[in-house]
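One structure below.
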Amino acid sequence: MIVAKDVKQLDEALHEARLKNKTIGLVPTMGALHQGHLSLMEQAKKTCDILVVSIFVNPTQFGPGEDFESYPRQLEVDSKLAAEANCDVLFCPAEEVMYPDGPTQLVHVRQGADVLCGARRPGHFDGVATVVLKLLSLVGPHKAFFGQKDAQQLAIIKQLTKEFFLPVSIIGCPTVREEDGLAKSSRNVYLTPQERAMAPTLYNALQSAAQSGERQLKKLVSMVENELSILPIGSIDYVEAYEYPSLKSVDYVEGTVILAVAYQFSKARLIDHILIEFTNRNRGEA
Ligand code: PAF
């Protein structure tokens, strides 16, 4: 595995692959690699000749008072994990490489960023879109792999690449879960043992609402809120539902809807979601 720390080293590492027209797959991460990231790498490795993994804790997607300073940084451990996942090039630039003049230009996301996590983290998706655009420009991958767990991020990135005519396929990969249903996340390490035991309730609540057959979004949201309100620790940040991937407000499940939750434990804020589909075929059967 080649470790590239700046643009020159990255270009050198990819020179031969580009010359030989090899397919390049990019897995962008902020490090603290876990099973979820490894499954993205596995997917990329299956469908591309060269796997590039980037590790960069991107300052522009953190708001004031968020966990930018304390975000887990463990480059040595992560390098080992990436090498074991058969990563060909590990790109781990410093802030000066990604923002040589500081963040003087940012992409502004005008649709889909004002709901769910975007509404609570103003500017977050501008930072995400900016850094993803930079990474795609630098690496020039044929495919880039993102977790479906961050469904709002995935929808925004797909729209970004469409609107900027970027020659890359954005591949959404399924959420990796613990045996009890908790979605894997770098932030799970912040859960106390008691919180960890309660955390699967998030996905259980989403699943029971989705399986209820209810089509009114307000009622689906109430079902999840009711189930979470019995948790003795933490508080609901939001339970919301929108059409997906447009993230527009709708009243009824028609096509695909995202039912999403964010829950604040003492230190960890966890997010999860479920996609609910209602097709003409379902309607015929109902
Ligand atoms: O999902 C993440 O880890 C980050 O938002 C990403 C896509 C690597 C951009 O910094």
Verdict on residue 220 being within 16 Å of the ligand (Cβ to nearest atom) and either farther than 20 Å from residue 61 by Cβ or assigned to a loop (DSSP other than H, G, I, E, B) (or both): no
Any chance residue 225 is assigned to a helix (DSSP H, G or I) and surrounded by 18 or more Cβ atoms within 10 Å (Cβ to Cβ): no
Residue ID - surrounded by the most Cβ atoms within 10 Å (Cβ to Cβ), chosen from residues in region 1-16 that are farther than 15 Å from residue 51 by Cα and of a type outside the set (Asp, Glu): 9
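Under the condition of being small (Gly, Ala, Ser), part of a helix (DSSP H, G or I) and within 14 Å of the ligand (Cβ to nearest atom), which residue from region 13-43 is nearest to the chain's Cα centre (by Cα)?
It comes out as 36.
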Region 107-152, subset charged (D, E, K, R), modelled with pLDDT of 95 or more and outside any loop (DSSP other than H, G, I, E, B), residue least open to solvent (accessible area, probe 1.4 Å): 126
Residue within region 132-143 that is without any contact (Cβ under 8 Å) to a residue 60 or more places away in the chain and over 16 Å from the mean Cα position of the chain (by Cα) present: yes
Residue in region 172-185 that is nearest to the chain's Cα centre (by Cα), counting only those that are surrounded by fewer than 18 Cβ atoms within 10 Å (Cβ to Cβ) and not charged (D, E, K, R): 174
Per-region count, region 17-29, residues under 24 Å from residue 171 (Cβ atoms) and open to solvent by 50 Å² or more (accessible area, probe 1.4 Å): 4
Residues within region 44-54 that are free of Cβ contacts under 8 Å to residues at least 40 places away in the same chain and either assigned to a helix (DSSP H, G or I) or open to solvent by 10 Å² or more (accessible area, probe 1.4 Å) (or both), tallied: 3
Cβ-Cβ under 7 Å pairs, at least 6 apart or on other chains, region 182-200 side in a loop (DSSP other than H, G, I, E, B), far side β-branched (Val, Ile, Thr): 184/176
Residue among 95, 76, 84 that is surrounded by 14 or more Cβ atoms within 10 Å (Cβ to Cβ) and charged (D, E, K, R): 95
Selected residue [at pLDDT 95 or above, of a type in the set (Val, Ile, Thr) and more than 17 Å from residue 133 (Cα to Cα)] from 53, 89: 89
Selection status of residue 160, open to solvent by less than 50 Å² (accessible area, probe 1.4 Å), over 19 Å from residue 42 (Cβ atoms), part of a helix (DSSP H, G or I) and within 13 Å of the ligand (Cβ to nearest atom): yes
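The values are calculated or read from the model by the stated rules, or taken from the named source; none is laboratory data. Note that the structure is predicted; figures quoted are calculated from it, not measured. With ideal geometry, Cβ positions are generated from the backbone for all residues, glycine too; neighbour counts draw on all protein chains shown. For the accessible areas, the whole protein counts, side chains as well, though only heavy atoms, and no ligand, DNA or RNA atoms are used. Shrake-Rupley method; radii C 1.70, N 1.55, O 1.52, S 1.80 Å.
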